[in-house]
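A.B. asks: This is the structure I want to talk about, given as structure tokens.
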Number of protein chains: 10
Amino acid sequence: MIPRNEINDKSETRSKILAAKEEKGMTFSDIAEQVGGDKTFLASATYDAASMTKDDAMAFAEVLDLGRDVVEELQKPPMKGQGEPTIPSDPCLYRFYEVPQVYGPAMKALIHEEFGDGIMSAIDFEVSVDKEPHPEGDHVVITYDGKFLPYKRW
Amino acid sequence: MIPRNEINDKSETRSKILAAKEEKGMTFSDIAEQVGGDKTFLASATYDAASMTKDDAMAFAEVLDLGRDVVEELQKPPMKGQGEPTIPSDPCLYRFYEVPQVYGPAMKALIHEEFGDGIMSAIDFEVSVDKEPHPEGDHVVITYDGKFLPYKRW
Amino acid sequence: MIPRNEINDKSETRSKILAAKEEKGMTFSDIAEQVGGDKTFLASATYDAASMTKDDAMAFAEVLDLGRDVVEELQKPPMKGQGEPTIPSDPCLYRFYEVPQVYGPAMKALIHEEFGDGIMSAIDFEVSVDKEPHPEGDHVVITYDGKFLPYKRW
Amino acid sequence: MIPRNEINDKSETRSKILAAKEEKGMTFSDIAEQVGGDKTFLASATYDAASMTKDDAMAFAEVLDLGRDVVEELQKPPMKGQGEPTIPSDPCLYRFYEVPQVYGPAMKALIHEEFGDGIMSAIDFEVSVDKEPHPEGDHVVITYDGKFLPYKRW
Amino acid sequence: MIPRNEINDKSETRSKILAAKEEKGMTFSDIAEQVGGDKTFLASATYDAASMTKDDAMAFAEVLDLGRDVVEELQKPPMKGQGEPTIPSDPCLYRFYEVPQVYGPAMKALIHEEFGDGIMSAIDFEVSVDKEPHPEGDHVVITYDGKFLPYKRW
Amino acid sequence: MIPRNEINDKSETRSKILAAKEEKGMTFSDIAEQVGGDKTFLASATYDAASMTKDDAMAFAEVLDLGRDVVEELQKPPMKGQGEPTIPSDPCLYRFYEVPQVYGPAMKALIHEEFGDGIMSAIDFEVSVDKEPHPEGDHVVITYDGKFLPYKRW
Amino acid sequence: MIPRNEINDKSETRSKILAAKEEKGMTFSDIAEQVGGDKTFLASATYDAASMTKDDAMAFAEVLDLGRDVVEELQKPPMKGQGEPTIPSDPCLYRFYEVPQVYGPAMKALIHEEFGDGIMSAIDFEVSVDKEPHPEGDHVVITYDGKFLPYKRW
Amino acid sequence: MIPRNEINDKSETRSKILAAKEEKGMTFSDIAEQVGGDKTFLASATYDAASMTKDDAMAFAEVLDLGRDVVEELQKPPMKGQGEPTIPSDPCLYRFYEVPQVYGPAMKALIHEEFGDGIMSAIDFEVSVDKEPHPEGDHVVITYDGKFLPYKRW
Amino acid sequence: MIPRNEINDKSETRSKILAAKEEKGMTFSDIAEQVGGDKTFLASATYDAASMTKDDAMAFAEVLDLGRDVVEELQKPPMKGQGEPTIPSDPCLYRFYEVPQVYGPAMKALIHEEFGDGIMSAIDFEVSVDKEPHPEGDHVVITYDGKFLPYKRW
Amino acid sequence: MIPRNEINDKSETRSKILAAKEEKGMTFSDIAEQVGGDKTFLASATYDAASMTKDDAMAFAEVLDLGRDVVEELQKPPMKGQGEPTIPSDPCLYRFYEVPQVYGPAMKALIHEEFGDGIMSAIDFEVSVDKEPHPEGDHVVITYDGKFLPYKRW
């Protein structure tokens, strides 16, 4: 398992994946269905948020007719995030930060009240983005599911 | 409907609610059950993230034996967030920001892919914090459920 | 609907549009008149603030004798804003921020007073920039028109 | 005309005005109607964004049964803004900044295209916040109306 | 388990502990020996970095002749960190940040090389500060011992 | 001993080392064993955190079949850190900062209590990253070992 | 009047002007004399702080034997400032900021005292940099001359 | 000559001066005329930007019927500026920063062109704020007059 | 040796020292002469930059007729610096930062050239501020004298 | 005297000087001896902190066999500092900032006490970096020698 050293490598991989997707007219959902995987995880691997097992990387690359280099790159631990922790101005991204900006203290209070002193893991964790039909307009439903990690006392 | 003007008012209200909760040994969950409401919403109203209807505020205050001033304050629109958008150092709070820091671009990609150009509303929105039992340790499950808002084209 | 992945794509599109405009000596106003659209919306689509329907993109590109690639790019959701929320030093841009810096709290107070706890949507929203003749010098009139979104109580 | 020197003075004045408004159950709209003024301007004078003429200050104070000290304070030039130019986290305030974050370059382009090299004044300027009924929900309409100031060439 | 709501509470508790320590002339090491605990953990509980079990809090308070309120406060989850993630100017504190500033990428590379894509937990974690005699001057030896958390793939 | 002047030089050297490592399928641990050195130090020299003696640089380069230019570059003092002191968003790196964010004041208190007014040197210093097997999952053990430097009084 | 869209355009223009100046050995003062203009204004047009009329741009370009593209670029409204409002480290530039940092509140107090609630325009404005001989060393005299803009009351 | 140590001291002094000015209905201009001094310098001494000689401090205090403590405080070197170099949001103050933000590079170019490598001193320096009548509205004229300091070459 | 825990303690101590100095009309230089110490070190101990031995603290306090509490406080390790590393706006302080801002890279180059890879210690270090008479005006001479610390290679 | 306009020019010059130095195996000290100059000044001219007289630039270039372009560039006023005032993370550079961070207020107090209200000039100034042998390890001695500039009172 070798760490990434060239930031450009990964963005090149992403470009190839997105270009292939566009050419084939496939969504992450289509690909997920074909490889039997999860669309949010596939998008995460594409956007520098996750690394894949060899088998999953091969299946993913195969659907998109991509080569060995993509398979290799997808298995490496990415540099995650955008350098420093910063809040982006793009409104679609910003809302993911507005929620904890507003509701964070309440969420923290409930976690401590129901679980004790600790946190929701963001590593032993999965996220999903779903579309739920509503009569007045579809809803975006995002689920954060992380193991509770109690603070160790030693 | 009158805007809040004194930042201290609300924190005084919060102190009263938390002191009463502690004295009575009640959790937000206990209170929610008793008033027939939602624990995450009650915590949000307590921590400056939401305002309540008069009826809900009265029910909430009554359970905690709190007075008219609390009922009044709970109905006013709070100043939400902590001044500027900033990422907190407390690890329990920080994880709520680490998730979009890492997975944000993938989440944005999926929203655009499945809904088009737009965002998940953080206003026509609800959040819940739940405990899910797992054999290797309980999970914290946080759900963001917001209406999809497409960008208007004019 | 596929998300943008290469920041350069869009700026290339913008360059083509602006060069074509300059060559033809057309303003956004001229183009808007010709395609029967809104000049502020056309400028927004040019400057990464909006995506267009296929028909509108085709009409826009046609007036400027631009090709299929521009039509494709104009339909994709742009990455909006300049990375992080920041206040620019250019005086023409800065004034758009000085107004809420000075009048923001009063504007918020009025919104809460007249509408209740909620916000003006910046998504279900349109903006216009107009020139109004005045005896002592023309005025710039900017109108923000967004749906009121009340905070959900759940 | 004497500059403000104590930041607290003005906030004390604001507290008195808001308390009086709450006690009398009057909105800025009610007051504006009674004194024959503009509700947005009255809110601006309350929230450190404007100073008033002696007559206007007296009329405003009278409606609220406030004393000479309020009348004096309302005439002084306030320290405007919140110290440094910063973008607030409160969602209602944040949207006023999200608009120029997204649409600012397009707005600048149109101003230069239609007026030349210059800016919309934020001093020789007025702002209004209005409620417009729509079948699918009321709209918040905010209008910025400022004199165009061309850059001097010397 | 009730979340902390008043920042001052905890600092009051800390003041009491430190005053009692000073009066009794005891170090954290002395106390740790007496209660059979770990000095770094006791210091952590004092400086808002950890919460204690009821038994440990009672033993700690007893050694210092402190009351029930201290026992209660020590059990509550503290607000950890200093608000935003920031690097302090005090040289003793600064060096703890200079190390990852300089050696962080190498440490990350080794973790990925030897463990795979994941992190050292800072929750399922303990830290110790020790004094090691050296002929040319004592050494400060700080040990971070955290469970490796592999990124989940789903 | 000549200071580095071109930032690119060093990153070019790093690229060569990492490419050679990948090609040969060697980890820092493998190389350390072969040259009789320390894996954390070798990784530090690779990632701009340390300079090497001529002998060590030659041995390191030889194992990887790298040339004279790499040997030269490895001996020069690197520009250490990433420009300004900043906290990175990558979760693996971030945890190295979260520890002093949370435990820093306790660590400082213990250093002063046991050593007096001074600091742990980050220069007369070594760091190691180790893997310790645990029944419930391996641990990452990071050790900071620096000479205590007392503040001079003059 | 068309807005600038490529940041590089203008810097290319600046390079041409400065190279021509250097080659001809002319100062802004020499050029100003020759074209009958103001040296500070010419420097401002060169350094992205001003746009010129067609006639002035032609005269300026002619003196320096520069072509039509420079004439065109000099007429366009530049993007003014360096992105965000920031204070530069270059000591010559820094002093321009140190003055208002130290004397700003006194200057504001005098403006309000003598003119009322309003500002010195930085648009309907001119600046000059002059050299004044003094027995103990020449003085730099910088004059800011801007129209007073009173805040509108509406 | 003793340095200031309590930030509050000076602000207390300022409050006394401003209150006395307001009570007596005098402007800085009136006082300057009476003591035969400069209004901008008197305002600077009031707003923490300058210290006075004993004689000047006595004359200033006498006009305002202020006591010995004010005389003492006015002679001490103030802590100048607002902590860190920051750009304020108040529009009247902001314009003092907008000018160098826009024209700074041109001003620097002229200083180097006419004086050589060096700066305008902000210490061996005086500033004045004047009102100049113009047919279309009075002008604010601010003059910075500082000795040119050439960089020493050694 | 007990760490400081209350920030106010130290500032209270400083106030007492400075008030006593002012009352007695003594400078740090006078005191240093009387106690046989160094004026810069005494000022450092006063301004939170150094702790003293018991004997030195007693001698210092005695000259100023200060009590046991001051003696105790002066021996404790202070929290050094102003929270985060920041550059102050006060011009006298700012120049201490302008020097490394301008000359830092040259200073670093010389240290590496003459000593190798390492730093000037700021702990095993002393600073002095001296006045040197010059025909054209006295000079401030500041000397930083710190042990060279070579980076350890392990 | 023409201001620099291309940031790259100067870095190109620096690269040539450093490459020539490395090729010839000369230190700044060697060159200073040969041209009869000061090593710290030569390093400053190399690292964008100083400009040279024509004679000095020619002597410097000659020793290194560099051409006319280097001679020209060395005479131009450089853009000094790194853009904004920021504190660097490289430990060798950082220590130059840690000193005023810790000792700055004491240094300011002594300057005011011994010289009055004013500053140490950083322009009419020279800096030197020297190596002083000590039995327990060489010392780095850095001397700042600047003219005292008293604040003008007008």
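Each reported figure results from applying straightforward, stated rules to the coordinates on display, with no laboratory input. Here the structure is a predicted model, which means the values were calculated and not measured. Glycine also receives a Cβ, built like all others from the backbone with ideal geometry; neighbour counts cover every protein chain displayed.
A.B. asks: For each of D:Ile142, J:Ile87, count neighbouring Cβ atoms within 10 Å of the residue's Cβ, then give the residues from fewest to most.
C.D. replies: Sorted ascending by nearby Cβ count, the order is J:Ile87, D:Ile142.
A.B. asks: Return the sequence-ordered ³J(HN,Hα) values of the stretch F:117-131 in whole Hz as given by the Karplus equation 6.51 cos²θ - 1.76 cosθ + 1.60 applied to θ = phi - 60°, using x for Gly and Pro.
C.D. replies: So the Karplus estimates, Gly and Pro as x, are 6, x, 9, 7, 5, 9, 10, 7, 7, 9, 10, 9, 10, 10, 10 Hz.
A.B. asks: Can you flag which of D:Lys80/H:Lys76; D:Lys152/G:Lys147; A:Lys10/A:Lys54; I:Lys152/J:Lys131; E:Lys131/F:Lys39; D:Lys10/D:Lys147 are past 22 Å Cα-Cα?
C.D. replies: On the way: D:Lys80/H:Lys76 30 Å; D:Lys152/G:Lys147 11 Å; A:Lys10/A:Lys54 16 Å; I:Lys152/J:Lys131 20 Å; E:Lys131/F:Lys39 25 Å; D:Lys10/D:Lys147 29 Å.
D:Lys80/H:Lys76; E:Lys131/F:Lys39; D:Lys10/D:Lys147, as the Cα separations exceed 22 Å there.
A.B. asks: Same structure, new question: Ordered by residue, what ³J(HN,Hα) values in Hz, to whole numbers, does the stretch E:141-150 give under the Karplus form 6.51 cos²θ - 1.76 cosθ + 1.60, where θ = phi - 60° and Gly and Pro are x?
C.D. replies: Karplus-based 3J(HN,Hα) across the stretch E:141-150 equals 10, 10, 10, 9, 10, x, 4, 6, 10, x Hz.
A.B. asks: Using Cβ contacts closer than 10 Å as the measure, can you line up J:Ser29, D:Ser44 from fewest to most?
C.D. replies: So the ranking, lowest neighbour count to highest, is J:Ser29, D:Ser44.
A.B. asks: Now, a different point. Whole-Å semi-axes of the stretch I:91-150's equivalent ellipsoid, largest first, each the root of 5 times a Cα gyration tensor eigenvalue?
C.D. replies: Working: eigenvalues 124, 40, 28 Å².
Each semi-axis is the square root of five times an eigenvalue, giving 25, 14, 12 Å.
A.B. asks: Let me ask something additional. Could you compute the longest span of chain A free of GluC sites (Glu not before Pro) located in DSSP loops and having at most 15 other Cβ atoms within 10 Å, not counting the site residues?
C.D. replies: Details: sites that count: A:Glu6, A:Glu136.
In chain A, the maximal stretch lacking such sites is A:7-135.
A.B. asks: Let me know the mean shielding of D:51-64 by other chains, meaning the per-residue number of their Cβ atoms within 10 Å of its Cβ.
C.D. replies: Other-chain Cβ atoms within 10 Å of each residue's Cβ, averaged: 1.
A.B. asks: In whole Å, what is the distance between the alpha-carbon centres of the stretch E:101-154 and the stretch G:58-90?
C.D. replies: Value for the Cα centre distance between the two parts: 53 Å.
A.B. asks: If you take each beta carbon of peptide A:16-27 and count the beta carbons of other chains within 10 angstrom, what is the mean?
C.D. replies: For peptide A:16-27, the averaged partner shielding equals 2.
A.B. asks: Give the share of C-alpha pairs in each 10 angstrom bin for the protein assembly as shown, from 0 to the last occupied bin, in whole percents, shortest bins first.
C.D. replies: For the protein assembly as shown, the binned pair fractions read 1, 7, 14, 19, 22, 20, 12, 4, 1 percent.
A.B. asks: Turning to a different aspect of this structure: So for chain G, what are the equivalent ellipsoid semi-axes in whole Å, largest first, each being the square root of 5 times an eigenvalue of the Cα gyration tensor? Display every interim value, and only then the final one.
C.D. replies: On the way: eigenvalues 187, 90, 50 Å².
Largest first, chain G gives 31, 21, 16 Å.
A.B. asks: Give the order of C:Met58, H:Met120 when sorted by the count of other beta carbons within 10 angstrom, beginning with the fewest.
C.D. replies: In order of increasing Cβ crowding within 10 Å: C:Met58, H:Met120.
A.B. asks: Enumerate the helices in chain A for which the Kyte-Doolittle hydropathy averages -1.0 or more and the C-alpha atoms extend at least 24 Å along the helix's axis, using complete DSSP H runs.
C.D. replies: Both cut-offs are met by A:91-115.
A.B. asks: Report, to two decimal places, the Cα Rg of the stretch J:7-75 normalised by 2.2 N^0.38 Å (N = number of residues).
C.D. replies: Working: Rg = 10.5 Å, N = 69, 2.2 N^0.38 = 11.0 Å.
Dividing the Cα radius of gyration by 2.2 N^0.38 Å gives 0.95.
A.B. asks: Additional query: Can you give the Kirkwood hydrodynamic radius for the stretch B:74-119, in Å, rounded to one decimal and based on Cα pairs?
C.D. replies: Evaluated on the stretch B:74-119, it is 13.2 Å.
A.B. asks: Can I ask one more? What number, rounded to the nearest 500 deg cm²/dmol, is the helix-based mean residue ellipticity at 222 nm of chain G, given -39500 (n - 2.57) per DSSP H run of at least four residues and division by all its residues?
C.D. replies: On the way: 6 runs with 77 residues, N = 154.
The helix-only estimate for chain G comes to -16000 deg cm²/dmol at 222 nm.
A.B. asks: Along the Cα-to-Cβ line of B:Asp138, 7 Å from the Cα, sits a label point; which residues in the stretch A:74-112 have backbone N less than 19 Å from it?
C.D. replies: Zone members listed by number: A:105-112.
A.B. asks: How many nm separate the modelled label positions at A:Thr53 and I:Glu72, each set 7 Å beyond the Cα in the direction of the Cβ?
C.D. replies: Between A:Thr53 and I:Glu72, the label points sit 6.4 nm apart.
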